[in-house]
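For reference, the structure discussed in these notes is given below.
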Amino acid sequence: MPDPRPHVGEPLALDLLNTRWIQDGPQDLLTDVAGLGIWLTSAGLDARANADERTLQAVLAARTAIYDTVKHTSHTALNEILDHGRIRRMLTDTGPAEIVDVPETTWLPGWLAADNLLRLLAEAPDRIRQCAHPDCVLFFYDTSKNGTRRWHSMATCGNRTKAARHYAKKA
């Protein structure tokens, strides 16, 4: 089954947050193992993790921790997710390497998403945003040159906001 989400392609942490969206009411891709399989495939993790109940529970815990960190600046749950793995640095024949070491593979997708959030926070925390449309719950990483992007998509939420403002002026 193809990925039904209206917005994909964000960094892994935000892509995980975007497994919940509003389209004819609230939607959640991660209500079952089949939805997890779709997300793992979309994120390019299907060869590294199994779509099973234990992985689903770990991914849901990671999604909640990432959301709490982004929206409420609460980092306790994120640190608990990160406790399930580490990056091991070593010197290989081809040079320095960073090896992801997550002993329980059920935690790998969630750990990778949590680690990705750390990288985004270190790089440009002010570029992690939620769509400015009042009825949208999607997140994006603002890569615009001047850093003023407001909507996850200009074609959908941006257009709706501008059209509503136009009609309000006419009324």
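The values are calculated or read from the model by the stated rules, or taken from the named source; none is laboratory data. These numbers come from a predicted model, not from an experiment. Don't worry about glycine lacking a Cβ; one is built from the backbone with ideal geometry, like all the others, and counts go over all protein chains shown. Just the protein is used for accessible areas: all its heavy atoms, side chains included, with ligands, DNA and RNA removed. Shrake-Rupley method; radii C 1.70, N 1.55, O 1.52, S 1.80 Å.
Can you list residue pairs whose Cβ atoms sit under 6 Å apart, with the first residue in the stretch 15-37 being in contact (Cβ under 8 Å) with a residue 12 or more places away in the chain and part of a helix (DSSP H, G or I) and the second being charged (D, E, K, R) and open to solvent by less than 50 Å² (accessible area, probe 1.4 Å)? Count only pairs 6 or more apart in sequence or on different chains.
16/63
How many residues are in contact with a strand residue (DSSP E or B) (Cβ under 7 Å, 6 or more places away or on another chain) and more than 24 Å from residue 120 (Cα to Cα) when one looks only at the stretch 29-74? Give the derivation first.
Step one: filter the stretch 29-74 for residues in contact with a strand residue (DSSP E or B) (Cβ under 7 Å, 6 or more places away or on another chain), giving 70.
The next check asks that each one be more than 24 Å from residue 120 (Cα to Cα); those that pass are none.
Qualifying residue count for the region: 0.
Taking the stretch 46-89 as the search range and keeping residues that are assigned to a helix (DSSP H, G or I), hydroxyl-bearing (Ser, Thr, Tyr) and without any contact (Cβ under 8 Å) to a residue 24 or more places away in the chain, which one is most open to solvent (accessible area, probe 1.4 Å)? Quick ask: steps written out before the conclusion?
Going residue by residue through the stretch 46-89, those that are assigned to a helix (DSSP H, G or I) are 53-72, 76-82.
This time we only want the ones that are hydroxyl-bearing (Ser, Thr, Tyr), so: 55, 64, 67, 69, 76.
Going one step further and asking which of them are without any contact (Cβ under 8 Å) to a residue 24 or more places away in the chain, we end up with 64, 76.
Working: 64: 69, 76: 86 Å².
Per the stated criteria, the residue is 76.
Of the residues 147, 158, 95, which single one is of a type in the set (Gly, Ala, Ser) and either under 25 Å from residue 45 (Cα atoms) or modelled with pLDDT of 95 or more (or both)?
Working: 147 fails: either under 25 Å from residue 45 (Cα atoms) or modelled with pLDDT of 95 or more (or both); 158 fails: either under 25 Å from residue 45 (Cα atoms) or modelled with pLDDT of 95 or more (or both).
Criteria check complete, one pass: 95.
Checking the structure you have, find out if any residue of the stretch 102-110 is over 29 Å from residue 137 (Cβ atoms), loosely packed, with under 12 Cβ neighbours inside 10 Å and free of Cβ contacts under 8 Å to residues at least 24 places away in the same chain. Don't jump to the end; show me each part of the working.
To start, the set of residues in the stretch 102-110 that are over 29 Å from residue 137 (Cβ atoms) comprises 103-105.
Next, only the ones that are loosely packed, with under 12 Cβ neighbours inside 10 Å stay: 103.
Checking the rest, the ones that are also free of Cβ contacts under 8 Å to residues at least 24 places away in the same chain come to 103.
Yes, some residue in the stretch 102-110 is over 29 Å from residue 137 (Cβ atoms), loosely packed, with under 12 Cβ neighbours inside 10 Å and free of Cβ contacts under 8 Å to residues at least 24 places away in the same chain.
For the stretch 34-45, enumerate the residues that are of a type in the set (A, V, I, L, M) and either loosely packed, with under 14 Cβ neighbours inside 10 Å or touching a His at 6+ places or on another chain (Cβ under 9 Å) (or both). So that I can check it myself, show each step before the final result.
Step one: of the stretch 34-45, the residues of a type in the set (A, V, I, L, M) are 34, 36, 38, 40, 43, 45.
Across the stretch 34-45, the qualifying residue is only 34.
So which residues in the stretch 125-155 are assigned to a loop (DSSP other than H, G, I, E, B), within 16 Å of residue 66 (Cα to Cα) and open to solvent by 20 Å² or more (accessible area, probe 1.4 Å)? Even if it seems obvious, please write down each step before you answer.
Let us first name the residues in the stretch 125-155 that are assigned to a loop (DSSP other than H, G, I, E, B), namely 131-138, 142-153.
Imposing the further condition that a residue be within 16 Å of residue 66 (Cα to Cα) reduces the set to 137-138.
Within the stretch 125-155, 137 is the sole residue that qualifies.
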